[in-house]
Structure formats: structure tokens, C-alpha cells
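J.: Questions regarding the structure given below will be posed in turn.
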Amino acid sequence: MRKPNNKILIVEDELYLLNILCDKFKREGFRVIKATNGKTGMQAAIKSKPDLILLDIIMPLVDGVTMIKQMRQDERTANIPVIIISNLSEVERITEALGAKNGIIEYLVKSHWSLEGVVKKVKETLQLYYLLKQGAKK
């Protein structure tokens, strides 16, 4: 029984926040890939096949909503779970723009979470996703 390898992709255009998140997850034993916009995020998702993506919504070049739509249309990335981290607190607006949940596990509003809370949510999500994948294989 293979456990997840704890590889996550963090897509965030605010470099200060990106570096803080990367450092925290590395200290927690995760392998971290980072991208600063949805275009490079999509490329990194295809190349590295992360177990989970932490994704900002408002970014240059390609925003998070567009990246999720692209991911769900590409079989290489269609099933990767996504946790949105954003300054937007309008969950309904994001959901409406995406049409249904599109594999989004959680919405975390930046002003409402701590680093420990984000790590906990990622660990819980990876564990749940791993159990669901194992159940689907049986």
C-alpha cells in the first residue's frame, strides 16, 4: 500500500507569503514546488504531478480560476486536489465562476488562517485523498 509522497505545489504571486509557506512545509517534511502565477503553476503541475496544490486566485498572467479550469480539462492534472488560498472571501463567487467545486477541497481566506492551520488542513486533505484513492482501487 503506497502512501502519498507529500509533494505539494504552492502557486502564489506574493513572494513573501510564497516563501513563508514553502519554508513551513519543508520544515514539516513536505517536498515543495513553487510557482508565482497560474501559467507556471500549470506547467509545474504537469511536470511534477504533486499530491496537492495550494492555489491563490488573483495572480498575473493566468489566474487561479483559469488554472483550475485548465487542470480539470487535462487528464494529467484532472484529479489533483486543490486548496484555494486567497484574499477573496466570496466563496460563492469563486464556485460560480468554476461551476460546481471542480475538485476544490477547501477555501482558506488569507486573513483567517495561521501557518499551522494550513499545514493541518493539507495533512488532513492528503490523508483523506489517499484513503479515497485506496478505496477506489478495491
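The values are calculated or read from the model by the stated rules, or taken from the named source; none is laboratory data. Predicted model only: the values in this text are computed from it and were never measured. Heads up, the Cβs are rebuilt from the backbone with ideal geometry, glycines too, and the neighbour counts pull from every protein chain shown.
J.: Which members of region 22-50 meet the condition of being of a type in the set (A, V, I, L, M) and touching a helix residue (DSSP H, G or I) at 6+ places or on another chain (Cβ under 7 Å)? Steps first, answer last, please.
T.: First pass over region 22-50, keeping only residues of a type in the set (A, V, I, L, M): 32-33, 35, 42, 44-46.
Across region 22-50, the qualifying residues are Val32, Ile33, Ala35, Met42, Ala45.
J.: Does Leu17 satisfy the condition of being more than 12 Å from the chain's Cα centre (by Cα), in contact (Cβ under 8 Å) with a residue 40 or more places away in the chain and farther than 16 Å from Lys120 by Cα?
T.: Criteria met by Leu17.
J.: Taking Ile94 as the residue in question, decide whether it is at pLDDT below 90, among the hydrophobic types (A, V, I, L, M, F, W, C) and touching a strand residue (DSSP E or B) at 6+ places or on another chain (Cβ under 9 Å).
T.: Taking the combined requirement at face value, the residue satisfies it.
J.: Moving on. Give me the pairs: first residue in region 21-36 and free of Cβ contacts under 8 Å to residues at least 40 places away in the same chain and hydroxyl-bearing (Ser, Thr, Tyr), second residue assigned to a loop (DSSP other than H, G, I, E, B) and buried (at least 17 other Cβ atoms within 10 Å of the Cβ), beta-carbon distance under 9 Å, and six or more apart or on different chains, which are they?
T.: Note: pairs meeting the criteria are Thr36/Glu12; Thr36/Asp13; Thr36/Met59.
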